[in-house]
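Below is one structure, written out as structure tokens; comments come after it.
Derivation of every value follows stated rules applied to the coordinates shown; laboratory data play no part. Because the structure is predicted, anything quoted here is derived from the model rather than measured. Positions of Cβ are backbone-derived with ideal geometry, glycine not excepted, and every protein chain shown enters the neighbour counts.
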Amino acid sequence: MLTRQHNFYQQFLQLIDALLIGASLWIAHAIRFYFLNGLIWFDDNPLEPQFANCYWMIALALPVGPMALEYFGVYQTHSSVSWQKVLWQIVRALLLVLLAIFTCVIVFRVAQVTISRAALGIFFVIAIGLLSARMTLFFAWLKHRGSQVHLRQYILLCGLPADRIHWKERFLSQPGKDFEIKAEFNLREEGLARFIETLHEETVDIVVFSLDENIIPQVREALLACEAEGIEAWVSADFIQTLFARVQFDQFAGQPLLVYRTTPAISWELMIKRFLDVVGGSILLVLALPIMLGVAILIRCTSSGSIIFSQNRSGLHGRPFRMYKFRTMVTNAEQARAELEDRNEMSGPVFKVKDDPRVTPVGRWLRRTSLDELPQLWNVVRGEMSMVGPRPLPVYETANFGDISQRRRMSVRPGLTCLWQIQGRNKINDFKDWVSLDLEYIDRWSLWLDLEILVRTVPVVLFGWGAK
């Protein structure tokens, strides 16, 4: 299925699912407080205040529900997948919605009232039924659409035999049977004239060209023939193979482009990530001000020198920025580093020393509790860092990267925490392993991964696991 078609289906289904989940919450509360209220197994409660609680839950569930369904793979499911798996995906997504509701009640004390567990239980059952019905209707529509001959699109495959086999497998794997291979053609051997004759002899809706650098002129002429006859043409430009980059088509100033991108493209998820960085970073910065004031006084009273340490670090794509943290070392730490080079425990350009003598007693405690990192919330709010991302390294260390692929860790905005923080932290002594975790984060990135890392960072910070 084409990306634009898949995205259209997904966005349409997400809108429908959001409405179904919101309706399920409203119906569940209506049943609980207008039909079941007063029954012997329910206590009598004031109707309006209790029923009104469903509105903030609906506002929360409208975005969280579709995101949870997407996270558990509901929108990637084909009609051939077993219904047990689909049902389990829906159940897990709805459990996540319930978890979000309970989290809001516990953390933010929404409306300072308790919630009806009975209403949420009814919601769970109704939502499962409505979402399952929606899935059934959608798959039935796909099957019906595929059975309609007048809706089927006829394909002409144009390329080398190996390329045509590859494309046939892809078309056959699509749900709905929307495509049918009508003919195959080898442009290099049979020529442009025969290609045009084939277009006239067969009913062809789409021509798929497997582009070969040796036949680009012929493909250009064939494309002009398709344009003249109003036939849609797809060009597979996979003759430039990459290991990680995702290929997308775009335009700049009217010029068509093939974009090879290894990081997530601009999307609503990235916008939400930045929004959470600004809002979350600002809230945490305000809440941490008393702690930061206490730390500042402690540093001032126990050692001479500045309270805040700042250093040039490499940000997004190597942009230098001033990163701030509480000073944990003696004032001449940078000058004393040369004397400790032989004690470096980290391979590669990074410098890490166990029981570093330059660290002050208070600094050691600050590092163990990660309180020295609090000023970096200002870097997050400014946009130089993110809450989650690869840790920023000093500019002089990134300049000494021995492998150019290591620079890919700078293809996203650096962060306060990442996989390295929760899967080893300072226990990792090989810089290659550190980079590997950062690249894994980049390749797997999603909002849910960020949330998982933030949640798992809390016990790491509280108990000082892996800190030095």
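A few comments on the model shown:
- Dipole moment magnitude, nearest 20 debye, segment 268-463 about Cα centre, only Lys, Arg, Asp, Glu C-beta charged: 380
- Unsatisfied cross-links (Cα-Cα over 27 Å) in the set LYS273/LYS352; LYS85/LYS143; LYS168/LYS273; LYS273/LYS354; LYS143/LYS182; LYS273/LYS325: LYS273/LYS352; LYS168/LYS273; LYS273/LYS354
- Using 0.36 nm per residue and subtracting the Cα-Cα separation, the extra length available between LEU270 and ASP443 on full extension is 60.8 nm.
- The phi torsions of segment 367-374, fed into the Karplus equation with coefficients 6.51, -1.76 and 1.60 and a -60° offset, translate into couplings of 5, 5, 8, 6, 5, 5, 8, 4 Hz, rounded to whole numbers, with Gly and Pro shown as x.
- Computed E for GLU201/TRP234 - FRET, C-beta separation, R0 25 angstrom, nearest 0.05: 0.75
- Nitroxide proxy distance, nm - points 7 Å out along Cα→Cβ at LYS85 and LYS352: 3.9
- For the listed peptides 291-304, 390-403, a ranking on the average number of other beta carbons within 10 Å per residue, highest first, reads 390-403, 291-304.
- Shown is the FRET efficiency for ASP342 and SER436, computed with R0 = 25 Å from the Cβ-Cβ distance and rounded to the nearest 0.05: 0.45.
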